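Q: The following block contains the structure, expressed as structure tokens.
The values are calculated or read from the model by the stated rules, or taken from the named source; none is laboratory data. No experiment lies behind these values; they were computed from the predicted model shown. Counting neighbours? That spans all protein chains shown, and the Cβs are built from the backbone with ideal geometry, glycine included. With ligands, DNA and RNA removed, areas are computed over all heavy atoms of the protein, side chains included. Shrake-Rupley method; radii C 1.70, N 1.55, O 1.52, S 1.80 Å.
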Amino acid sequence: MLEISVIETLVAATLVLLLGRKIVERTPLLRAYSIPEPVAGGLLVALLLLGLHSLGHIDVHFDTGLQAPLMLAFFATIGLNADLGSLRNGGKKLGMFLAVVMGLLVLQNAIGLGLAALLGLDLRVGLLAGSIALSGGHGTGAAWAKVFSENSANGLPAATEIAIACATFGLVLGGLVGGPVARLLIKRVKLPEASAEPEVEPTGFEKPNVMRLITPQAFIETLTLIAVCLAVGTALAERVSGTAFELPVFVWALFTGVLLRNGLALIFGYHVFERSISVMGNVSLSLFLAQALMSLRLWDLASLAGPVLIILAVQAIAMATYAVFITFRVMGANYDAAVLAAGHCGFGLGATPTAIANMQAVTERSGPSPLAFLIVPMVSAFFIDIANAIVIKLYLTLPLFH
């Protein structure tokens, strides 16, 4: 076992991002299919580590102590970037997209249960390989795995391992499926026309490679806001743990960010410095994804039972199909809808960071989509956890589980 310290892990993550950029720049196929840079670099390192494990019997263990704070910081910047006035402007589209997302949650669990029954698996495995671990991600997967393994007269063996492996598998596929889906859909629509006027500075997570001018004072103010979001969000999550309001810590960090931004503006007239939020959000996102992907234990995925891999493969195909025929069409069958479909693939199989990375890869190549960057973060990081909990509990009331 080769132990890599937290500082060395941070160095490795930055090198992975630089490597991913070079790989995408020099590989036309990856550019054409809008594969995110952290995914390209992180997967290459994960494959190299798989080779060391299989051929040299050497395991590399990264100290991912910074991974959770980076993820929370990313979600905090989503909240701090959420102007409720702008969200009201996109209200109808937001509601439509939430309905589309809930439809996928129902479909994922139906596929999981159907294939689990067909393959002779415990039906709870079907739910874990459905919306619990895919749309829900690692946090939701681990939480429900604990319920299935402990809070039942007939506990499910290895529930946690199944949930984490399914969520990891989804994280990889979410970054690989979104780009090709967007490429297919963009061929059918008219791309945004380049404006003759000077380009307006992008906000939020759009165009992460565009230079944004910030000052040390603005940086410190933003860092303070993010730190408050992390502290308050963590405290709230601990306070409501075990109650009906229990949600992952990142949801509370995001919610705190929304309240801070809009409360400070309403009460004190203080407006957050969006350039600084954008920079820090994109840095947190990139470093989180790099660490998550480069530390994948691919040999654990390979050890998944064949039937579970079959379910996950079908789920990936179903996600791509749903994005093309449902998400794209319901959301308007235009360029924004194509970017939304790429984002939906990202968090429908993986997580919000993957969704943002997918959309960034598409918009960097094909043009901006402010609507997508307004809607996807709020739905995928906040509303989906509430919707997913409702859908899962409704499925558990079926006679199949009694």
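Q: Would you confirm whether any residue within the range 147-157 is over 30 Å from residue 333 (Cβ atoms), out of contact with any Cys (no Cβ under 7 Å at 6 or more places or on another chain) and surrounded by 19 or more Cβ atoms within 10 Å (Cβ to Cβ)?
A: Here is the first cut: in the range 147-157, the ones over 30 Å from residue 333 (Cβ atoms) are 147-157.
Okay, now just the ones that are also out of contact with any Cys (no Cβ under 7 Å at 6 or more places or on another chain), so 147-157.
Keeping just the survivors that are surrounded by 19 or more Cβ atoms within 10 Å (Cβ to Cβ) gives 148, 156.
Within the range 147-157 (the criterion being over 30 Å from residue 333 (Cβ atoms), out of contact with any Cys (no Cβ under 7 Å at 6 or more places or on another chain) and surrounded by 19 or more Cβ atoms within 10 Å (Cβ to Cβ)), the answer is yes, since at least one residue qualifies.
Q: Let me ask another. Among the candidates 339, 324, which residue alone is open to solvent by less than 20 Å² (accessible area, probe 1.4 Å), among the hydrophobic types (A, V, I, L, M, F, W, C), at pLDDT 85 or above and more than 23 Å from residue 289 (Cα to Cα)? Steps first, please.
A: On the way: 339 fails: more than 23 Å from residue 289 (Cα to Cα).
Within the list 339, 324, the selection yields 324.
Q: Among the residues of the range 47-67, count how many are at pLDDT below 85 and surrounded by 16 or more Cβ atoms within 10 Å (Cβ to Cβ).
A: 1
Q: Take the conditions of a type in the set (Gly, Ala, Ser), touching a Cys at 6+ places or on another chain (Cβ under 7 Å) and open to solvent by 10 Å² or more (accessible area, probe 1.4 Å) and apply them to residue 313. Does it pass?
A: Taking the combined requirement at face value, the residue does not satisfy it.
Q: So, one more: Can you tell me which residue is most open to solvent (accessible area, probe 1.4 Å) among those in the range 284-298 that are within 11 Å of residue 16 (Cβ to Cβ) and not small (Gly, Ala, Ser)? Show your work before the answer.
A: Start the filter on the range 284-298 by keeping residues that are within 11 Å of residue 16 (Cβ to Cβ), which leaves 286-287, 289-295.
The next check asks that each one be not small (Gly, Ala, Ser); those that pass are 287, 289, 291, 293-294.
Values: 287: 24, 289: 5, 291: 2, 293: 3, 294: 1 Å².
Ranking the candidates gives 287 first.
Q: Let me ask something else about it. For residue 277, state whether it is assigned to a helix (DSSP H, G or I) and open to solvent by 40 Å² or more (accessible area, probe 1.4 Å). Step through it out loud before you land on a result.
A: Details: assigned to a helix (DSSP H, G or I): yes; open to solvent by 40 Å² or more (accessible area, probe 1.4 Å): no.
So residue 277 does not fit the description; no.
Q: Suppose we keep only residues that are among the polar types (S, T, N, Q) and under 30 Å from residue 143 (Cα atoms) within the range 225-274. Which one would you say is surrounded by the most Cβ atoms within 10 Å (Cβ to Cβ)?
A: Across the range 225-274, the extreme among qualifying residues is 256.
Q: Taking only pairs six or more apart or across chains, which ones have beta-carbon atoms under 6 Å, a first residue in the range 218-240 that is more than 20 Å from residue 67 (Cα to Cα), and a second residue that is of a type outside the set (Val, Ile, Thr) and not in a helix (DSSP H, G or I)?
A: Hits for this filter: 218/273; 240/246.
Q: At least 1 residues that are of a type outside the set (Ser, Thr, Tyr) and either touching an Asp or Glu at 6+ places or on another chain (Cβ under 7 Å) or closer than 22 Å to residue 325 by Cα (or both) in each: list the helices (runs of 4 or more DSSP H) lying fully within the range 85-174 that qualify.
A: In the range 85-174, 91-119 are the helices (runs of 4 or more DSSP H) which contain 1 or more residues that are of a type outside the set (Ser, Thr, Tyr) and either touching an Asp or Glu at 6+ places or on another chain (Cβ under 7 Å) or closer than 22 Å to residue 325 by Cα (or both).
Q: Among all residue pairs at least 6 apart or on different chains, which show Cβ distances below 9 Å where the first residue, located in the range 52-64, is without any contact (Cβ under 8 Å) to a residue 24 or more places away in the chain and assigned to a helix (DSSP H, G or I) and the second is of a type in the set (Val, Ile, Thr) and open to solvent by 40 Å² or more (accessible area, probe 1.4 Å)?
A: From the range 52-64, the pairs are 52/58.
Q: So which residues in the range 211-224 are open to solvent by 80 Å² or more (accessible area, probe 1.4 Å) and more than 26 Å from residue 249 (Cβ to Cβ)?
A: Hits for the range 211-224 are 211, 213, 216, 217.
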